[in-house]
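Reviewing the structure listed below.
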Amino acid sequence: MSLATPTLRSPVLALLANVLSRPREPLLAALIVMLILLVGVRAPAFLTLRSMDNLLTDSALLIMLALTQMLVIVTRGIDLSVASNLALSGMMAALLAMHFPQLPLSVIVAAALGIGLVLGLLNGWLIGYLSLPPIVVTLGSMSVYRGLVFVLSGGAWVSSRNMSAEFVAFPLTRLAGLTHVVWLAALAVVAFWCLARYTRFGRDLYAIGNDPVAAGYVGIATPRRLLWTYALSGAMAGLCGYLWVARYAVAYTEIAYGFELTVIAACVIGGVSIAGGVGNISGAVLGALFLAVINNALPMVQISPFWQSALTGIVILSAVIINARGEKKRAKQILPLHFQPRAAAVAGSTS
């Protein structure tokens with residue numbers, strides 16, 4: 001009987017080990033689906049097509065910002081200025097629409113994107129070429145950009161009556177049943193997935209995050225890579241600034257206040273390591289969707305906003321703990337697995 005016990009337990013242990021060793025993305029996707037179904041049992045309206053459409057629209061901007069934040073975090077950096085950049089770019093777009101109503105929408109969108117790009121380049125130059133700590137630089141620029149929103153607007157609001165109908169309508173206009181903002185998020189996901197997976201730029205970011213010193217030894221231009229990584233983050237924030245203001249049809253000094261923490265939380269929940277070098281696009285997208293489901297579902301089941309914040313915090317802490325445990329178990333690997341036997345044979349022959 002004692003000999004049979006390990007045999008009987010081994011399938012269970014093997015199954016458990018298999019589940020725990022799976023990539024985080026399938027488990028997170030299953031958790032999102034399960035959460036949607038559980039909320040749907042309590043509030044059937046949550047499962048309607050209209051509710052799912054609202055969920056996708058609400059998550060679109062968070063997804064777009066999480067994509068670029070993921071690239072920043074992979075390099076061992078962080079961009080705390082994204083929400084302030086978004087607010088400043090959005091306010092500038094709203095002021096342009098108010099004072100120059102004859103401007104084409106494409107010019108206003110390009111201006112918002114360009115403003116965000118310049119602000120991101122400033123962060124990237126300070127971090128990449130002056131080697132200043134990312135958290136210090138972006139914390140300082142966050143305050144500067146947020147202050148400029150107040151200076152440029154004079155503390156006044158720009159409401160929908162000061163914006164053209166085309167300016168306000170674009171984000172929520174539908175194409176093939178989905179809003180423009182959802183399509184933009186989908187295009188961004190595809191573009192950044194290709195960037196991270198198939199380009200030298202994307203591979204270099206992971207190399208920098210895993211070992212900055214070694215990346216420099218193999219010829220990676222770390223300052224230039226960091227410059228353009230933060231530039232991408234700024235440009236995305238600029239585009240989202242216009243989309244945010246146009247979607248909600250109002251621009252004010254507190255736009256997206258504190259939203260940078262939500263963006264970082266989406267990345268952490270999606271398995272992006274704050275220590276750098278680990279993370280992928282699908283994880284960032286799923287992390288953003290998970291937070292969007294929580295924010296949309298809890299009010300429907302009549303849970304207090306205070307509990308919403310507490311639950312979100314618990315999820316973030318849990319994700320950080322899981323990430324830390326995973327990093328402790330993962331040993332550093334000098335060579336890819338398929339090179340190790342050959343390297344061992346060469347070492348044995350030389351000895």
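The values are calculated or read from the model by the stated rules, or taken from the named source; none is laboratory data. Fair warning: this is a prediction, and the values are worked out from it, not measured in the lab. All Cβ positions, glycine included, derive from the backbone under ideal geometry; neighbour counts span all protein chains shown. Calculation scope for accessible area: heavy atoms of the full protein, side chains included, ligands and nucleic acids excluded. Shrake-Rupley method; radii C 1.70, N 1.55, O 1.52, S 1.80 Å.
Grab the other residues whose beta carbon is less than 15 angstrom from that of Val158, score K and R as +1, D and E as -1, and report the net. Let's see the in-between values first.
Details: positive: Arg161, Arg247; negative: Glu254.
Here the charged neighbours net out to +1.
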With every protein chain in place, region 30-81: carbon and sulfur % of accessible area (1.4 Å): 72
Relative pair counts by distance (%), Cα atoms of region 74-193, 10 Å bins: 12, 34, 34, 17, 2
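Just subtract the alpha-carbon distance of Arg174 and Arg42 from 0.36 nm times their residue separation and send over the number in nm, one decimal.
44.5 nm
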Gln302-Leu187 pseudo-label distance in nm [points 7 Å out on the Cα-to-Cβ vector]: 4.3
Rg/Rh ratio calculated on Cα atoms of region 149-221 (Kirkwood radius): 1.26
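Would you kindly state how much longer the chain becomes between Ser160 and Asp211 on full extension, computed as 0.36 nm times their sequence separation minus their alpha carbon distance, in nm to one decimal?
Answer, rounded to one decimal: 13.5 nm.
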Charge dipole of region 115-268 about the Cα centre (unit charges at C-beta), most positive-ward option of Gly147, His180, Ala207: His180
Per residue convex hull volume, Cα atoms of region 14-327, in Å³: 148
Rounded to the nearest 20 debye, dipole of region 14-327 from Cβ charges on Lys, Arg, Asp, Glu: 280
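At a 1.4 Å probe, what is the % contribution of carbon and sulfur to the accessible area of region 253-298?
64
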Scaled radius of gyration (Cα, divided by 2.2 N^0.38 Å) that region 180-335 gives: 1.19
Selection from Val72, Leu121, Pro101 lying farthest towards where the dipole of region 14-327 points positive, charges on Cβ: Val72
Label-to-label distance, nm, for residues given as Arg200 and Ser106 (7 Å Cα→Cβ offset): 3.2
Net charge, Ser84 excluded, C-beta distance under 13 Å - Lys, Arg +1, Asp, Glu -1: -2
Spacing of the two label points (7 Å from each Cα toward its C-beta) at Val33 and Leu132, in nm: 4.7
